[in-house]
1. Among the strands (runs of 3 or more DSSP E) confined wholly to the range 15-79, which include 2 or more residues that are under 19 Å from the mean Cα position of the chain (by Cα)?
2. Out of everything in the range 176-189 that is at pLDDT 95 or above and part of a loop (DSSP other than H, G, I, E, B), what residue ends up being nearest to the chain's Cα centre (by Cα)?
3. Has the range 106-123 got any residue that is closer than 20 Å to HIS194 by Cα, assigned to a helix (DSSP H, G or I) and touching a residue at least 40 places away in the same chain (Cβ under 8 Å)?
4. Which number in (1) closer than 14 Å to TYR101 by Cβ; (2) touching a residue at least 12 places away in the same chain (Cβ under 8 Å); (3) surrounded by fewer than 18 Cβ atoms within 10 Å (Cβ to Cβ) marks the one condition that GLY144 misses?
5. Being over 25 Å from THR117 (Cα atoms) and out of contact with any helix residue (DSSP H, G or I) (no Cβ under 6 Å at 6 or more places or on another chain) narrows it down to one of ALA155, ALA185, ALA181, so name that one.
6. Quick one: ARG172 ticks every box in (1) in a helix (DSSP H, G or I); (2) surrounded by fewer than 24 Cβ atoms within 10 Å (Cβ to Cβ) except a single one, so which number is it?
7. Give the range 119-137 a look and list any residue that's within 12 Å of CYS171 (Cα to Cα) and either under 18 Å from the mean Cα position of the chain (by Cα) or not basic (Lys, Arg) (or both), or say none.
8. Looking at the range 22-48, I want the residues that are over 19 Å from VAL248 (Cβ atoms) and have a partner that is in a loop (DSSP other than H, G, I, E, B) with Cβ atoms under 6 Å, at least 6 apart or on another chain. Which pairs are those?
Amino acid sequence: MRTQIGCALTFDVEDHVVLALQVAAASSSSSFEIEQLTVTLDCQPIAVEEVQVEHGGRVHLITCGAGQLSVDYEAIVQRATPADQPPTPAERLFAVRPSRYCPSDLLESFAEAELTTPDDLADRGRMVGDWVAGRLRYELGSSGPFDTAVDTLLAGRGVCRDFAHLTVALCRTVGVPARLASVYAPGVFPMDFHAVAEVATPDRWEVVDATRLAPRQSLVRIATGRDAGDTAFSTTLDGSAELITATVTAFVHGDLPIDDITSAVVLP
């Protein structure tokens, strides 16, 4: 599948800033026909340092002074069908522990009372995704950047990261290792960066997207982590920068695939 992705971000830097950006497609996202990242400060190019992280993720570090910082990324990705790769013991351990936005330990009593889980891990992860899809209402602007899975459960609404956080937290609570992936998602409306859960089965990591907003077969991985704290598209490490504008692009060349939510989908 040939997928075109990209983003354009503008920041106002008052004094200085060190930014960690995660907007480039992961190196595991099959082959790149075209890829370009351009970063300018007041229209002048500035240097960018690329750092490789787990699961093929790439962090771009930007250090600059005051001015208007612009980031433009574009790529055409030829997305292949990924082969099954069983989760390693280290990955399972990493993905079953509570984390900042997915405090699964706080949801144990709730999960025990509300969820009836099958023995099969794959079925259990899908069941949690179905439960979250039926429980939450997708509503733009309904949550804040510090909301956890518990906040989302109590509110009964959220955006994609909230759906993913609650899915991940409940999976961990019922013994299914789960993690969060930030992605480009052709078909999402309104278009933006997207977040989905990945749940461990004996044979692979399967994508679970409780929002049902985009076909999972067209997703392009950006970053992978415990929760949004690991996968944010922009993190300020020093100084300050205000995000002024953000535009995200993601579409496939041809028709979007039809997603059978009962089937297993693996993200490259």
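1. Details: elements: 31-41, 49-52, 58-78.
It comes to 49-52, 58-78.
2. Quick first cut of the range 176-189, residues at pLDDT 95 or above only: 176-188.
Adding the requirement that they be part of a loop (DSSP other than H, G, I, E, B) leaves 176-177, 185-188.
Values: VAL176: 18, PRO177: 16, ALA185: 10, PRO186: 14, GLY187: 15, VAL188: 13 Å.
Among them, the one singled out is ALA185.
3. Within the range 106-123, the subset closer than 20 Å to HIS194 by Cα is none.
Checked the range 106-123: no residue is closer than 20 Å to HIS194 by Cα, assigned to a helix (DSSP H, G or I) and touching a residue at least 40 places away in the same chain (Cβ under 8 Å).
4. (2)
5. Values: ALA155 fails: over 25 Å from THR117 (Cα atoms); ALA181 fails: over 25 Å from THR117 (Cα atoms).
Testing whether each residue is over 25 Å from THR117 (Cα atoms) and out of contact with any helix residue (DSSP H, G or I) (no Cβ under 6 Å at 6 or more places or on another chain) leaves just ALA185.
6. (2)
7. In the first step, residues of the range 119-137 are kept if they are within 12 Å of CYS171 (Cα to Cα); the result is 121-132.
LEU121, ALA122, ASP123, GLY125, ARG126, MET127, VAL128, GLY129, ASP130, TRP131, VAL132 - these are the residues of the range 119-137 that are within 12 Å of CYS171 (Cα to Cα) and either under 18 Å from the mean Cα position of the chain (by Cα) or not basic (Lys, Arg) (or both).
8. Close Cβ pairs (under 6 Å, with a partner that is in a loop (DSSP other than H, G, I, E, B)) amount to SER28/PRO268; SER30/ARG79; SER30/ALA80; SER30/PRO268.
The values are calculated or read from the model by the stated rules, or taken from the named source; none is laboratory data. Note that the structure is a prediction, hence the values are computed from the model and not measured. Neighbour counts run over all protein chains shown; Cβ positions are idealised from the backbone, glycine included.
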